[in-house]
1. What distance in nm separates the two pseudo spin-label positions at LEU26 and LEU98, each 7 Å out from Cα along the beta-carbon direction?
2. Per Stokes-Einstein, at 20 °C and 1.002 mPa s, what whole-number D in µm² s⁻¹ belongs to the stretch 320-401, with the Kirkwood radius over Cα pairs as the hydrodynamic radius?
3. Please work out the Cα convex hull volume for the stretch 213-267 and give it in Å³ per residue.
4. If I model a spin label at THR315 and ILE494 as a point 7 Å from the Cα along the Cα→Cβ vector, what separation in nanometres do I get?
5. Using the Karplus curve 6.51 cos²θ - 1.76 cosθ + 1.60 with θ = phi - 60°, what ³J(HN,Hα) values do you get for each residue of the stretch 492-503, in whole Hz, with x for Gly and Pro?
6. Between THR304 and TRP183, how many nm apart are label points set 7 Å from Cα along the C-beta direction?
7. For the stretch 18-201, state the average projected area of the convex hull of the C-alpha atoms over all orientations, rounded to one decimal in nm².
8. Just flag the GluC sites (Glu not before Pro) in the stretch 126-218 sitting in loop per DSSP whose Cβ has no more than 11 other Cβ atoms within 10 Å.
Amino acid sequence: MQTMQNSPEASVPSSPTSAPAPRLALVFVGLMLAMLLSALSQTVLSAAMPTMVGELNGVDHMLWIMTAFMLASTIVMPIYGKIGDLIGRKGLLIAAILLFMAGSVLGAVAADMSMLISARVVQGLGGGGLMILSQAIIADIVPARERGKYMGAMGAVFAVSSVAGPLLGGWFTEGPGWRWTFWMNIPVGLVALAAAVFLLHLPHRERSKPRIDAWGMALLAVATTCIVLVASWGGKDFEWGSPTIIGLIVAAVVASVAFALVERVTAEPVMPLHLFREKNFNLTTIAALLTSVAMMGTLAYMPTYLQMAFDASATAAGLLMTPMMGALLLTSVGAGQIVTRTGRYKWLPITGSIVLAAGLALLGTITPETPLWMLCSFLAVMGVGLGTSMQLLVLIVQNTFPAREVGTATAANNYFRQIGGSLGGAVIGSLFTTRLAEQLAERLPQQAGPGSGMNSLTPELVHNLPGTVHDQIIWAYTEALAPLFLYIVPLAVIAAILLLFVTEKPLATTIERDVAETTVPDTLQEIYPVTTGSVSLPARTEER
């Protein structure tokens, strides 16, 4: 027995810690493409939407083009995570890619708005899986210590899609037509599919027939639908105090309580409540939610402000967001490299949250006289903060749980992040709209403003107004938006404070399954933990 303790290699067959480097690189490219499909689908339609809904006679249903995808993808995130942990992720990834491609074909040939919205639902059902499974599969094939650089690169995908999406959407709309914003997904999807089928080799899971948490999934879907609809409709389609919004809020609360009760007694809960007993999970998930509120609140309305205040075209406004996204890309990759090299990670998201707060505070000082280069610099500061924190929060979550729960934990973290983004865009949008109406009423006499009020304001119209009226409208937009950035600053500060209490657990240098699949009996492993290098891996225990 003593020999086994001192020399575990004698009893434990050696096992590679990850896939061979050349194959791993190809697999990673395939996963990046899968994530890019999902990320682009949330941005590429922004420039094409006016033309798209005009041709299909569906301007009044425009909101549902984005809401349908967001709602479907958010609902299925925890489901993909849990089922992936139960039966394996390769088959699910293939199914998600095929679903997304099928939705893309439906969107490309859509003859009316009903078909287009249905296509977006199908895309969302696949897109939610692409996001979650790509992150979880990296945990299957790359040890936590090496995972930082990969997670950083995955974070950069969002930066690329945020800039490339609107540009591609505009180019396709003005060129071959908006339907190509859907057709373009097919060749990219085929490459991602080939990588999943031929290059992705995950450990085989010998399990009995999985017990699916049908009630939990149904209640989670109801709660999520109500929350997303409140975020999408509140303050825009319906007043916050309207019976519709109040009813949705009550339904969300009831469904959430029922969901928690079901998860306590079901055998394989889709979102196990014991996740919330882990301090690191709670702290990083709340921080991710708060950060998403800040990010989406800014991304949703800054391009509009750039068009109004600086007479930028829609395409130019997208390009003016490049400093933020470029900074996010560089710092996300750089932060991942630092984690991989040093093994230390706690200080990075704390620093990122503080920098994010600083960027928001700077944006809160903008006026119509602020030079464009300075505003872009403020956006870059915000990008540095986001890039230093967002993806590393996922890494902390993954490092908190055993491999058998990585998918579930990753999906739960992303689920709440998605909810935060939805709420951020909705609440900031409602406040912005209300404040803008108040500012315009104060600054413009009724007879001086455009005839149909603020609903008729477009960048082109504002640009052609007389100088005094033009300036007053720009000041109204500034006074309506800039203070909102200051309101968000406390959220980033709270995120930084919460992350101070994260326990920095050592990043594993091997993949847990390498040990779990050895021939060491459970009872001996509990007494003599198997070690690799300087990292002691915990004994296998079943958690419910």
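Every number here is computed from the coordinates shown, using simple stated rules; none is lab data. Remember, predicted model here, so these are calculated numbers, not experimental data. Cβ coordinates were reconstructed from backbone atoms using ideal geometry, including for glycine residues, and neighbour counts include every protein chain displayed.
1. Rounded to a tenth, the inter-label distance reads 2.2 nm.
2. On the way: Rh = 13.2 Å.
Rounded to a whole number, D works out at 163 µm²/s.
3. Numbers: hull volume 3.0 nm³, N = 55.
Expressed per residue, the convex hull around the Cα atoms of the stretch 213-267 is 54 Å³.
4. So the two model labels end up 4.2 nm from each other.
5. My calculation for the stretch 492-503 gives 5, 5, 4, 4, 4, 5, 4, 5, 4, 9, 5, 8 Hz in order.
6. Each label point lies 7 Å from its Cα, and together they span 3.3 nm.
7. Values: hull surface 39.3 nm².
The number I arrive at for the stretch 18-201 is 9.8 nm².
8. Details: sites: GLU146, GLU174, GLU206; in loops: GLU206.
Those that pass, being in a loop and sparsely packed, are GLU206.
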